[in-house]
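Bear in mind that the values in this text are calculations on the coordinates, not laboratory data. Everything numeric in this text was worked out from a predicted model, so none of it was measured. Backbone-built Cβ (ideal geometry, glycine too); neighbour counts: all protein chains shown.
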Amino acid sequence: MASPTAGERRGCNADGGYGHRPGDNPGPWEAATDDSELIAASLVEPARFAELFDRHFPAIHRFLRRRVGAELADDLAAETFTQAFARRRHYRAEHPDAGPWLYGIAGNLVRQHVRAEQRRLRAYERVPPDLDTHDPGDGVAERVDASVAGRRAAAVLADLPADQREVLLLHAWGDLDTAGIAQALDLPAGTVRSHLHRARQRLRRALGWTPELAPGSMHPTLPGGLRHE
């Protein structure tokens with residue numbers, strides 16, 4: 001399949017591509033039970049890849065937007081699915097969920113734009129606290145503490161070795177477990193656990209956590225302004 005044009009990449013290609021425009025009739029396809037079956041079906045009927053796009057595009061785009069900003073995320077998300085379509089013949093059928101595979105492609109694209117990600121993290125590090133003076137009591141102090149912690153976390157993320165940052169963000173922003181990250185990055189599970197442990201240790205030191213207080217998940221600890229766009 002030829003690569004979609006710039007106008008088609010945001011969503012679909014009505015000429016046998018991987019998405020469909022609003023109003024298009026995708027046809028009387030049978031629903032695939034998992035992603036591996038859907039990818040296999042797309043080898044015979046390429047337009048079936050539209051279903052994989054619809055299932056995973058929002059999460060992949062959100063992951064990329066948090067890392068590089070909305071404008072660049074549009075292009076990288078589209079390129080993620082363009083590359084996935086081109087590589088789908090090599091997808092390993094024993095993995096019923098294609099999410100980790102897609103996150104791995106997206107992460108590789110982010111690494112080609114590492115400066116954009118670094119600028120985004122550094123910018124968040126400099127954002128002042130957003131105080132609501134109409135909120136009485138301890139709410140202001142709590143938000144100040146959260147904002148300071150978020151800026152410290154952003155600084156740590158910017159300084160992490162690339163392999164540790166990738167593992168940490170796939171876990172925190174991609175919601176992948178150790179096995180999923182290992183699949184996404186084609187790494188042994190032990191290496192993933194080691195990278196994740198070291199990244200958490202650096203965050204704990206930067207934020208002044210004790211082992212008893214450190215959360216099991218990284219979700220509460222990463223910069224809120226980057227998480228909830």
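For the reader, a short list of remarks on this structure follows.
- Using θ = phi - 60° in the Karplus curve 6.51 cos²θ - 1.76 cosθ + 1.60, the 3J(HN,Hα) couplings for the range 99-115 round to x, x, 4, 5, 4, x, 5, 4, x, 4, 5, 4, 5, 7, 10, 4, 5 Hz; x is entered for Gly and Pro.
- The ranking of I105, I60 from fewest to most other beta carbons within 10 Å of each one's beta carbon is I105, I60.
- Cα-projected label distance for R62 with Q83, points at 7 Å along beta-carbon direction, nm: 2.2 nm
- In this structure, R119 and L207 have a Cβ-Cβ separation that, at R0 = 22 Å, corresponds to a calculated FRET efficiency of about 0.45.
- Extending 7 Å from the Cα toward the beta-carbon at both T178 and A162 defines two label points whose distance is 2.6 nm.
- Estimated distance in nm for a label pair at R198 and L43, the labels positioned 7 Å out from Cα along Cα-to-Cβ: 3.8 nm
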